[in-house]
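Inspection log for the structure reproduced underneath, given as structure tokens.
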Amino acid sequence: MSRTASLLPREDAREGALFFVVCALCFLAAFSGLVSRAAYAAAGAWTSEVSGELTIRVRGSDADAQRAAGIIGTVSGVASAHVLTRAESEELLRPWLGATGLPESLQLPRLIAVNATIDAGEAIAASLKASGINVIIDDHAAWSSDARRATDTIGLIALSAVLLLGATGVAVIAFATHATLLARRDIVELLHLSGAKDDFIAGVFERRFLMLGVQAGALGALLAFGAAAFILFAIRQSDGQAWLLPQLSLSLADGLILGLAPLVAGAAAMLAANVTVRRALSGMV
Amino acid sequence: MATAMGIPQRNLMADHDISTDEPVLRLDRVGLSYGPDSEVLADVSLALQPGSMTFLTGPSGAGKSTLLRLAYLSLRPTAGRVSVFGQDTSRLRRNDLAALRRRIGVVFQEFRLLDHLSAYENVALPLRIMGRPEGSYRKDVADLLDWVGLGDRLEARPATLSGGEKQRVAIARAVVGKPDLLIADEPTGNVDEDMAERLFRLFRELNRRVRTTVLIATHDMALVRRARADVLRLAQGMVVKVNLPEPRGENT
């Protein structure tokens with residue numbers, strides 16, 4: 001049987017409280033990180049879905065619309081141009097006018113859906129103008145700009161929350177570690193008077209608090225992962241529509257956030273232990 | 001007997017490069033006060049030669065424990081100079097002080113055992129700090145605990161030990177590294193006369209065989225008289241040497 005027990009007692013109530021604090025802070029920081037990344041991902045998904053898409057409303061007859069589509073198809077950078085059928089136009093209007101069907105007599109705008117490079121809009125407008133076709137071109141720039149601005153704001157707020165939580169976490173971990181160590185001052189003093197060097201004593205405490213920080217941080221990150229997975233599940237169950245969100249998934253970046261949380265917590269606890277022990281030792285001869 | 005604990009005879013000078021002329025502990029006009037009206041030591045000078053055994057006596061509150069704290073480098077004097085193993089402690093770096101402390105065994109008055117460690121682990125603590133592997137000291141530690149009468153309490157935690165047993169563990173921890181200087185603060189205060197005598201023989205064995213310099217603060221004047229050692233008395237902040245009459249019928 002090995003008799004080289006740890007020079008520090010096993011966990012007690014104080015360390016239990018510290019474990020809870022570190023775990024909770026890591027959960028909040030990791031979850032905020034995931035929300036922040038999801039906000040940026042959502043912004044990217046929303047805007048990439050509409051970038052390169054143009055909607056062209058033709059002021060004229062169906063024949064004008066078909067002619068316009070033909071002209072658009074010849075413009076450089078255009079991948080496809082498709083005149084929307086009445087059924088397709090009704091589908092677009094359904095969220096506003098309901099699914100009961102529209103009167104046949106109701107005139108619907110003649111729309112052409114165009115897939116093209118982002119800078120093709122001006123060339124299309126020029127070609128149609130030269131052909132004498134009166135159109136209104138909507139490249140969704142205003143909408144995507146608003147969407148980008150909104151998600152950027154959400155992302156910034158979430159990122160600020162992550163940074164604030166991270167800084168608060170480090171401070172609280174340091175404070176809690178300090179408080180825990182104050183109760184162990186007798187051990188610090190005995191080791192010191194027995195001839196242990198400062199590095200040795202600091203190392204004893206660093207190892208303990210590194211493990212505590214990593215374990216508590218890992219649990220917090222795991223809970224954050226669980227919460228994020230639950231939210232994703234809920235979004236997928238609702239097909240993403242009710243939440244007005246594109247389909248999201250956990251990515252490598254999320255894994256990085258979840259992996260970093262316990263490492264940062266462990267490093268903060270270890271650093272706090274080092275500083276506290278060395279400060280206590282500096283008061284000794 | 002102490003020989004059973006395997007204390008080897010060794011050349012102290014070769015181990016630690018101490019000049020034979022240099023006192024192991026020297027206090028030069030040392031004073032210590034915690035404020036203008038709280039002077040504990042006024043003007044203390046003393047020198048302990050290598051291999052000597054010295055008792056420090058004096059009334060309660062005279063400052064014996066404070067003087068010992070200066071000796072085991074737990075306090076700095078507010079006046080004067082403390083030299084240990086020929087080195088002025090005020091000029092040493094922290095790591096050098098740590099190296100000096102590893103050569104000093106201390107029996108604290110309040111024991112200072114770690115409650116979460118067994119008696120065996122408490123005694124082995126100085127050896128772990130020295131970086132020795134457990135296999136190299138396991139038998140020595142067990143033998144030493146056996147010598148102080150705790151051979152069957154190796155795994156006992158301090159909370160389950162009596163005051164006397166804790167004291168013996170504390171003593172075993174102080175001597176396990178065969179220190180060059182052993183400082184003990186009331187080391188027999190909680191044990192009966194027989195055990196006090198037995199523990200004193202342990203100190204004497206270390207002193208004679210290993211040439212450990214021993215400084216013991218005690219109120220036990222009977223022990224002091226039997227010991228035939230140097231006696232210093234601390235009173236009113238100063239130290240004086242005491243000449244005790246030779247004990248009759250003793251043959252130590």
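Within the shell of other residues whose beta carbon sits under 14 angstrom from the beta carbon of B:Ser90, the net charge comes to +4, with Lys and Arg scored +1 and Asp and Glu -1. Sorting B:137-149, A:268-280, A:52-64 by their mean Cβ neighbour count within 10 Å, with the most densely packed peptide first, gives A:268-280, B:137-149, A:52-64. Note on chain B: with a GNM built from Cα contacts shorter than 10 Å, the maximum mean-square fluctuation among B:Ala98, B:Ala172, B:Ala62 falls on B:Ala98. The residues A:Ser127, A:Ser6, when put in order of fewest to most other Cβ atoms within 10 Å, stand as A:Ser6, A:Ser127. All alpha carbon pair distances within chain A were sorted into 5 Å bins beginning at 0; the resulting P(r) in whole percents reads 1, 5, 9, 10, 10, 9, 8, 7, 6, 6, 5, 5, 4, 4, 3, 3, 2, 1, 1, 0. Taken along the Cα-to-beta-carbon direction at a fixed 7 Å, the label points for A:Lys129 and B:Arg233 span 11.7 nm.
Helix-derived [θ] at 222 nm for chain B: sum -39500 (n - 2.57) over DSSP H runs of at least 4, divide by residue count, nearest 500? Calculated at 222 nm, the ellipticity per residue is -8500 deg cm²/dmol. Shown here: region B:39-130, whose C-alpha atoms stretch 41, 33, 26 Å along the first, second and third principal axes, sorted largest to smallest.
The magnitude of the dipole of the protein assembly as shown, with charges of +1 and -1 set on the Cβ of Lys/Arg and Asp/Glu and taken from the Cα centre, is near 1900 debye.
Taking the Cα centre of chain B as origin and assigning +1 to Lys and Arg Cβ atoms and -1 to Asp and Glu Cβ atoms, the resulting dipole is close to 500 debye. Think of chain A as a dipole: +1 on every Lys or Arg Cβ, -1 on every Asp or Glu Cβ, centred on the Cα centre; then among A:Gly213, A:Ile187, A:Thr177, A:Ile187 lies furthest on the positive end. Given their separation in residues at 0.36 nm each and the Cα-Cα distance between them, A:Arg10 and A:Ala141 gain 41.0 nm when the chain is fully extended.
Of all beta bridges that DSSP places with both ends in the protein assembly as shown, some 65 percent have antiparallel geometry. Normalised by the number of residues in region B:63-167, the average gap of Cα pairs under 8 Å and 6 or more apart makes the relative contact order 23 percent. Close amide H contacts of B:Ala235 (hydrogens built in the peptide plane, cut-off under 5 Å, sequence separation of 5 or more or a different chain): B:Val240. Karplus-based coupling profile of region A:74-81, in residue order and whole Hz: 8, 6, 4, x, 8, 8, 7, 9, with θ = phi - 60° in 6.51 cos²θ - 1.76 cosθ + 1.60 and x standing for Gly or Pro. The residue among B:Val240, A:Leu92, A:Cys26 whose Cα reaches farthest toward the positive pole of the charge dipole of the protein assembly as shown, with charges on the beta-carbon of Lys, Arg, Asp and Glu, is B:Val240.
Rounded to the nearest 20, the size of the Cβ-charge dipole of region A:67-138 about its Cα centre is 200 debye, with Lys and Arg at +1 and Asp and Glu at -1.
Cβ crowding within 10 Å, taken as a proxy for footprinting-reagent exposure, orders B:Val123, A:Val170 from fewest neighbours to most as A:Val170, B:Val123. With Cα atoms defining each centre, region B:29-101 and region B:130-157 are spaced 31 Å apart in the structure. The base-10 log of I(q)/I(0) for chain B, evaluated at q = 0.09, 0.14, 0.18 Å⁻¹, reads -0.38, -0.95, -1.53 [Debye formula, identical scatterers on Cα atoms, solvent excluded]. In region A:75-165, which GluC sites (Glu not before Pro) are in a loop and have at most 15 other Cβ atoms within 10 Å, using DSSP for the loop call? Sparse-neighbourhood loop GluC sites (Glu not before Pro): A:Glu104. Partner shielding of A:184-194 amounts to 5, given as the average count of beta-carbon atoms from other chains within 10 Å of each residue beta-carbon. Using a cut-off of 30 Å between Cα atoms, the listed pairs A:Lys197/B:Lys166; B:Lys178/B:Lys241; A:Lys197/B:Lys178; B:Lys139/B:Lys166 include none that exceed that distance. From helices alone, chain A scores -24000 deg cm²/dmol at 222 nm; the rule is -39500 (n - 2.57) for each run of n ≥ 4 DSSP H residues, then divide by the residue total. Applying the Karplus relation 6.51 cos²θ - 1.76 cosθ + 1.60 with θ = phi - 60° to region B:168-174 yields 3J(HN,Hα) values of 5, 5, 4, 5, 4, 5, 5 Hz, where x marks Gly and Pro.
Between B:Leu73, B:Gly149, B:Ala119, the Cα set farthest toward the positive side of the dipole of region B:67-200 (charges on each charged residue's Cβ, about the Cα centre) is that of B:Leu73. Mean sequence separation of contacting Cα pairs (under 8 Å, at least six apart), scaled by the length of chain A, corresponds to a relative contact order of 32 percent.
Rule-based calculations on the coordinates, nothing more; no lab input. Treat the numbers as computed from the prediction; the structure is a model and nothing was measured. Cβ sites come from the backbone with ideal geometry, for glycine too, and all protein chains shown count toward neighbours.
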